[in-house]
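Readers should treat all values here as calculations from the given coordinates under stated rules, not as data from a laboratory. The model shown is predicted, which means the values in this text are computed figures rather than measured ones. Here the Cβ is made from the backbone with ideal geometry for all residues, glycine too, and neighbour counts use every protein chain on show.
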Amino acid sequence: MSAQLDELDRDIIRILQENGRIPNVEIARRLGVAEGTIRKRLERLLDEGWMRLAVALDLPRVGYPHHVFIGVQCEPGAVPRIAGTLQHESAVIALYFVAGEWNLLIEAAFDSPRALTYFLLHTLGQQSGILRTNILQVLEIIRSSADWRLPSARPGHILVVDDDPDFVEFCRTVLTHAGYQVSSAAHGEQALALMHLSRPDLVLLDVMMRDIWDGLHAAEQMRADQSLAGIPVLMVSSIADSPYAGMFPMDASPAADAFLAKPIAPDRLVAEVRRLLAKRG
């Protein structure tokens, strides 16, 4: 395989794990990138074997209510031969070579107790080299491998700078759910001090806090500080609905990478954060 997974790859995989039928254009919208970028990334992920598309079945609903795991202890030299035989059995969902008390772990499904009995007595019973077996009947699936979600390589750190505790909590909830680590500051001076202690990956910055231009001044200080200048700044504000709207260049502030007007829809916030982080990466 070539390059390692980056965060955009991981975001694509996580979205597909939530809904494998989602169109490329919708993935692109949610991640804030071009549809062609998603298509090329998917082709690479599939061609290089990073992932494969599969169908997860509800076994009882499709007529296989007897779902079991079977531990098999074998004579050492017999493991490859037994595994080679079992992997072709239609009842076998998955076959694992494992360490510990058992050499092989079989996951299998059957449509009736009779079929399960036949598998135990004949399919396994006729294999020479098996020392003993242990069967576990699945009564209820609490969480399966299909429910697992690929974690971030490292949770992106977002610093939310706003004097409105309700908006800070809104951002914390939305961004934490999207897989990010979130910290907060109530004004520009506090934010700059926190940035020097632990540099965030992105700063989500209000404009009006201690004074009308508090956020803008903080962003300008970031750009003048070599150690902070590369951190993306996403400005958010309700200044567009204030008497100062005409004084602020919302689409052309040199200190900010992007601007969003409050209120902000959760998916719009996440998409813009992802876009800026991907652009930085």
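One table, with the values for the structure above:
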{"item": "Per-residue HN-Hα couplings for region 51-68 [Karplus 6.51, -1.76, 1.60; θ = phi - 60°; Hz; x = Gly/Pro]", "result": "8, 9, 8, 9, 10, 8, 9, 8, 4, x, 5, 8, x, 10, x, 9, 9, 9"}
{"item": "Reciprocal mean inverse distance between Cα atoms of region 157-280 - Kirkwood radius, Å", "result": "14.2 Å"}
{"item": "Spacing of the two label points (7 Å from each Cα toward its C-beta) at residue 134 and residue 114, in nm", "result": "3.1 nm"}
{"item": "Label of the coordinate-derived value, P(r) over Cα pairs in 10 Å bins from 0, in percent, listed as (i) 5, 18, 19, 14, 12, 12, 10, 6, 2, 1, 0, 0; (ii) 6, 22, 21, 17, 13, 11, 8, 3, 0; (iii) 6, 29, 37, 23, 5, 0", "result": "(ii)"}
{"item": "Value in Å of the Kirkwood radius, where region 66-143 supplies the Cα pairs that are averaged", "result": "12.7 Å"}
{"item": "Whole-number percent relative contact order across region 66-143, with pairs defined as alpha carbons under 8 Å at least 6 apart", "result": "49 percent"}
{"item": "Convex hull volume per residue for region 7-47, taking Cα atoms only, in Å³", "result": "60 Å³"}
{"item": "For the chain: relative contact order, % (alpha-carbon pairs under 8 angstrom, 6 or more apart)", "result": "16 percent"}
{"item": "Helical contribution to [θ] at 222 nm, DSSP H n ≥ 4, -39,500 (n - 2.57), averaged over the chain, rounded to 500", "result": "-10000 deg cm²/dmol"}
{"item": "Cut-off 14 Å between beta-carbons: net charge of the residues surrounding residue 36, Lys and Arg +1, Asp and Glu -1", "result": "+3"}
{"item": "Dipole of region 17-88, positive direction: furthest Cα of 57, 67, 33, with charges on the beta-carbon", "result": "33"}
{"item": "Most to least packed among 214-227, 187-200, 128-141 [average Cβ atoms within 10 Å]", "result": "214-227, 187-200, 128-141"}
